[in-house]
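To start, the structure itself, in structure tokens.
We did not get these values from a lab; they are worked out from the coordinates using the rules stated. Keep in mind the model is a prediction, meaning the values are calculated, not measured. Here the Cβ positions follow ideal geometry from the backbone for every residue, glycine too, while neighbour counts run over all protein chains shown.
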Amino acid sequence: MKNRNNIRIWLLAASLLLVTALPARATSFDLLTINYSGDSQYSSYFAQAESRWEGVISGYKVDKGQTGITINASVSAIDGPGKILGQAGVTYIWAPPTLTAPYLYASQGVMTFDSADISGLGASLYDVILHEMAHVIGFGTLWDVSYNGSIYNDVLNNSGQYIGANALEAYQAEFDQLAAYVPVEMSGGVGTAGGHWDEDEMGAELMTGWLDYPTFLSNTTRMSFVDIGYEVTPVPEPGTLLLLGTGLFGLLAAGRRRRE
């Protein structure tokens, strides 16, 4: 994530090579286990982001005996102020029991934020963590055709076309009735390109490549998790879609930060 003036964050979630084998705290499906180490003043942000995603994702479409996703999250020294702010990614996935199994699921991931930079994020830290958790769950990291079917067209050819049926139908309803695909961000460099929605088309949506305020979670993003093998809860009432409240206004008001 990069402030147009200074700070850069390398988000490995959208570009990590996945190596090998996560749902809603308010339901019977426990998607995430967060092993957090670091300054306790930030622990509530991780817990809130965990609860949010567990209120969105309600189960697996294919039960392979998964036990959810364990994320090792920490705030620790990385490289000092103004450089790398944080790192996140999938470290293990569930391999399919047969070659015909339709989905792969994440089982482990990691998130680390630099203690030299994190205090400057304020309340927006919640939004940043929420975004990174989505990558560990599979957004942008499990789109590849070799994993979960042809939901992202011509990844290697940089087409910028996400064609998963569920997210595309939601995108047509929310943004563009005539769209043949959901546009994917293809600028911003490694870690940003190819793993986020296009901000020019979706504005301040949570999973675009740039962070704006206030951020909202679209049904397009929700339904993209259905494309990669999850079940999701019904769309909440419109008034609950904003992830950040009015207290965020004025915080980094002019800042637009690139997600990588």
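For labels at residue 123 and residue 200 in the simple 7 Å Cα→Cβ model, what's the distance in nm?
3.2
Hey, can you rank 124-133, 185-194 by average C-beta count inside 10 Å, highest first?
Highest to lowest by the protection proxy: 124-133, 185-194.
Under the 0.36 nm per residue contour assumption, what length would be gained going from the current alpha-carbon distance of residue 92 and residue 40 to full extension? Before the final figure, lay out each step's value.
Details: separation 52, 0.36 × 52 = 18.72 nm, distance 2.68 nm.
My answer for the length gained is 16.0 nm.
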